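Report on one structure; see the data block that follows.
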Amino acid sequence: MTCLMKLASPLGSLTVSSDGAAVTGLWLEGQKYYAAGLEADTEEQPDLPAFRQAKNWLDAYFEKRDLPPLPPLAPRGSEFRQRVWKLLLEIPFGETTTYGALTERLKAAGVPASPQAVGGAVGHNPISILIPCHRVVGADGSLTGYAGGVAKKRFLLELEGADLSRLYTPKKGTAL
C-alpha cells in the first residue's frame, strides 16, 4: 500500500507518497505527470517517519533555514533515470547546471546518453524539490523543462539564491 501526506507550501498544495520507509513521490498540485506511478490503493498516514522528515526538510527549505538531512528517497524508474536523479542530488543548493553537462557526466561514467534522454529523465523526476530537478536549465540559459511550470522553477531558484542574471524565460511561441 502507498501512503500519502498533503502539505501546504508557498507553491501550493504538495502531495508526498511513501512506501512506508522512504519518500517515493512529491508532486506540486497540477504539475505535469502529477502522481505518476501512484497506486490506486493509497491511505493518508501523515505520521510516518519519512513524512515527518520530509515535512521538516521542506519547512526548513521554504523558511530558508539550515537544511536537515534529506528523508530516505526511493524514486521508481529505469536504471538510466535513477542515474540521472542521483546526479541531480549532487547539484549544490543555489546552483544550476545544464542538460548537456549532466549528459557529459554520464558519458564520462560510460553511460550512453543524450541531452534529450537526460531531459526526459529530469522531466519525469517523481520527487520534485527534494530531488532538485529545478536546478537544471537549458544550454542557452533558458528556464525550461519544469513539470511544475517555469514560474515555480524561478521561485525555487530565487529562494535558493541562485544567480539568475544569465538565465531567461523564453516567451510562449518563441522558437529555441
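Of the residues making up segment 139-157, those that are in contact (Cβ under 8 Å) with a residue 40 or more places away in the chain, assigned to a loop (DSSP other than H, G, I, E, B) and of a type in the set (A, V, I, L, M) number 2. Any idea which residue in segment 121-138 is most open to solvent (accessible area, probe 1.4 Å), counting only those that are within 22 Å of Leu7 (Cα to Cα) and part of a loop (DSSP other than H, G, I, E, B)? Filtering first and then ranking leaves His124.
Take the residues in segment 139-176 that are among the aliphatic types (A, V, I, L, M), buried (at least 16 other Cβ atoms within 10 Å of the Cβ) and over 18 Å from Gln31 (Cβ atoms); name whichever of them is modelled with the highest pLDDT. Among them, the one singled out is Ala162. Of the numbered criteria (1) without any contact (Cβ under 8 Å) to a residue 40 or more places away in the chain; (2) assigned to a loop (DSSP other than H, G, I, E, B); (3) closer than 21 Å to Leu164 by Cβ, the one Pro112 fails is (3).
The values are calculated or read from the model by the stated rules, or taken from the named source; none is laboratory data. Just so it is clear, the model here is predicted, and its values are computed rather than measured. When we count neighbours, we look across all protein chains shown, and the Cβ atoms used for this are built from the backbone with ideal geometry, even at glycine. Keep in mind that these areas ignore ligands, DNA and RNA; they rest on the heavy atoms of the full protein, side chains included. Shrake-Rupley method; radii C 1.70, N 1.55, O 1.52, S 1.80 Å.
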